[in-house]
Amino acid sequence: MERRRRRQRLTPLSGELKEMFDYQPPDPTKVEKPRRRRRERRAPTTRRAVILHGLLRLALLLSGTAGSVVLIGWLVASRSGRPIGEVLPTAFYIAGAALGALAVLGGTGVGRSYRYSGGYGWEAGVPRERAVNTSAFFGLLAVFLFGLGLALDYLL
């Protein structure tokens, strides 16, 4: 049987020794600038403001998604040498189909296990409701992109 060798006291490496001697504590008289805080946004208070805020967010998300699909379509068209009028409807069809598949397969929460968290009322079903809402939103995006593809296909 081999005896275990006892560890001796570890010595610091040469780089660690230098760091210990080069260290200078910060100057206590120096005043640090306070961090800038973000301006707090207040939630809309009236029904009209809530609806307008939601529509603005929806418009931003739809335009951002459509813009990213147009950018990808433009990149494909420039690399392949095909006209953008041929590539763009196909890009919207593919993006709509991908988001539709994501909505059906991934956003419904099927196959996930939800534990009862002990909450009352709305707290108990929040994960499943969030999954269904995500699925509905992805479905809306898929329909929007597919519709844009159809419109482009008939217009171009």
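Some values worked out for this structure:
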{"quantity": "Probe 1.4 Å, all protein chains present, accessible-area order of 130, 42, largest first", "calculated": "42, 130"}
{"quantity": "Candidate residues 92, 137, 146: accessible-area rank, largest first, probe 1.4 Å", "calculated": "146, 137, 92"}
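The values are calculated or read from the model by the stated rules, or taken from the named source; none is laboratory data. In this text the structure is predicted, and so the values were computed from the model without any measurement. Just the protein is used for accessible areas: all its heavy atoms, side chains included, with ligands, DNA and RNA removed. Shrake-Rupley method; radii C 1.70, N 1.55, O 1.52, S 1.80 Å.
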